[in-house]
Amino acid sequence: MTFQLVRASENDLPFIMATERREGYEAFVGRWDEARHRRALLDDSHAYFLGISDSLPIGFVILRGWASAEFVTLIKRIAVVAPGQGQGRLLLAAAVDRVFVETDAYRLCIGLFPDNHRARRAYEAVGFTAEGIARGSAFFNGVHRDELVMAQLRPEWEKRQSG
């Protein structure tokens with residue numbers, strides 16, 4: 001299997017939107033309409049990436065705060081076509097590397113719902129540490145929900161690279 005993480009373009013929006021709307025994702029993965037995706041894709045503070053395996057897209061990652069002046073980047077959304085097969089972990093690990101190699105980010109964070117155990121295991125496997133619960137911080141499907149905040153700092157990533 002060959003894997004690449006490539007910058008997404010407007011031509012990739014149908015794939016991104018279809019992936020975030022897969023059955024079962026409505027409880028865990030956010031969804032934007034095409035206009036909002038287009039605005040974010042063209043905004044310098046967002047970076048969109050596709051995971052490509054054997055020439056086929058397997059998922060996407062949206063990063064907010066790409067190369068931010070505060071040196072903090074947020075993984076806004078990550079989703080794969082076939083969950084439970086290790087593709088999400090592969091995609092996430094590549095995105096983490098990309099952030100720390102291509103930007104001066106010191107902190108990379110991600111939020112998830114506390115009951116999303118599969119995502120938490122994947123995030124921990126690539127170096128994220130749970131920091132705590134942000135009460136009511138996610139407005140999702142018309143409801144304020146708690147969010148588990150996880151992060152990885154540049155020194156932690158560097159240590160993983162050398163070890």
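The values are calculated or read from the model by the stated rules, or taken from the named source; none is laboratory data. All figures in this text were calculated on a predicted structure; none of them were measured in a lab. Please note: Cβ atoms are built from the backbone with ideal geometry, for glycine as well, and neighbour counts cover all protein chains shown.
The single condition among (1) touching a Ser or Thr at 6+ places or on another chain (Cβ under 8 Å); (2) part of a loop (DSSP other than H, G, I, E, B); (3) of a type in the set (S, T, N, Q) that Q85 does not satisfy is (1). Can you tell me which residues in the stretch 110-145 are among the small types (G, A, S), in contact with a Phe, Trp or Tyr (Cβ under 9 Å, 6 or more places away or on another chain) and in a loop (DSSP other than H, G, I, E, B)? The one that is among the small types (G, A, S), in contact with a Phe, Trp or Tyr (Cβ under 9 Å, 6 or more places away or on another chain) and in a loop (DSSP other than H, G, I, E, B): G127.
Determine, yes or no, whether R22 is part of a loop (DSSP other than H, G, I, E, B), among the basic types (K, R) and more than 13 Å from the chain's Cα centre (by Cα).
On the way: part of a loop (DSSP other than H, G, I, E, B): yes; among the basic types (K, R): yes; more than 13 Å from the chain's Cα centre (by Cα): yes.
In short, yes.
For the stretch 99-109, the set of residues classified as part of a helix (DSSP H, G or I) and surrounded by fewer than 18 Cβ atoms within 10 Å (Cβ to Cβ) consists of V101, E102, listed by residue number.
One line per residue, one yes/no per condition, for (1) within 16 Å of F3 (Cβ to Cβ); (2) basic (K, R); (3) buried (at least 21 other Cβ atoms within 10 Å of the Cβ); (4) modelled with pLDDT of 95 or more:
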{"residue": "E70", "(1), (2), (3), (4)": "no, no, no, yes"}
{"residue": "T73", "(1), (2), (3), (4)": "no, no, yes, yes"}
{"residue": "A95", "(1), (2), (3), (4)": "yes, no, yes, yes"}
{"residue": "V143", "(1), (2), (3), (4)": "no, no, no, no"}
{"residue": "R154", "(1), (2), (3), (4)": "no, yes, no, yes"}
{"residue": "Q161", "(1), (2), (3), (4)": "no, no, no, no"}
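Considering only residues that are surrounded by 11 or more Cβ atoms within 10 Å (Cβ to Cβ) and either in contact with a Leu (Cβ under 6 Å, 6 or more places away or on another chain) or in a loop (DSSP other than H, G, I, E, B) (or both), which ones fall in the stretch 35-59? The answer is H37, D43, S45, A47, Y48, F49, G51, P57, G59.
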